[in-house]
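Just so you know, all these numbers are worked out from the coordinates, no wet-lab data involved. These numbers come from a predicted model, not from an experiment. Here the Cβ positions follow ideal geometry from the backbone for every residue, glycine too, while neighbour counts run over all protein chains shown.
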């Protein structure tokens, strides 16, 4: 039993080192960003928030090349494989570069807000973005919907990042029913509460003037 526990601990430590995710750090000061917060603060102020990603995202793509030639009378078959990976670690800071409302004129309940969030600036000055949305408005509870990562292809879990297509995988991958929860946006919240108390003593009124 001790050996099994030690093995799990080592695996968790390795994952934390690779992804840079604060597995052992509390995130009590952050909450999921949702439509309720957006409505309370104001839609035009969406870009003012400092955002954080809830889970580590690994973006990967591979490029395979094959070739054939004749060298010294022999057929030479060559192949190469280039694997590119990008890690956006848990709690990486991001900001909204732009946002839009995708309107469905036939069914307003299927209209949705889409946030374009950047997490880095490349050497050429461009900021690649990931898309986040709370999904379709299907009930009054939509104000509690988290802003989840969007895919270009849901089945293959591919998305565009910096004009290239990548496959996205997640570190935690918490299951909600039979569906894996996608990374979502978080913000920090600070509550200010003040109690004021006034007290005075009533002197009373005398009939004598």
Between residue 121 and residue 39, what is the label-to-label distance in nm when each label sits 7 Å out along the Cα-to-Cβ direction? 3.6
Residue separation between residue 206 and residue 163 times 0.36 nm, minus their alpha-carbon distance, gives in nm 6.9 nm
So how much slack lies between residue 114 and residue 61, counting 0.36 nm per residue of separation and subtracting their Cα-Cα distance, in nm? 16.6 nm
What is the calculated FRET efficiency for residue 72 to residue 30, with r their C-beta to C-beta distance and R₀ = 41 Å, to the nearest 0.05? 0.05
Pairwise FRET efficiency - residue 97 versus residue 172, Cβ, R0 = 25 Å, nearest 0.05: 0.45
Pop the C-beta distance of residue 104 and residue 156 into the FRET formula with R0 = 30 Å and round what comes out to the nearest 0.05. 0.80
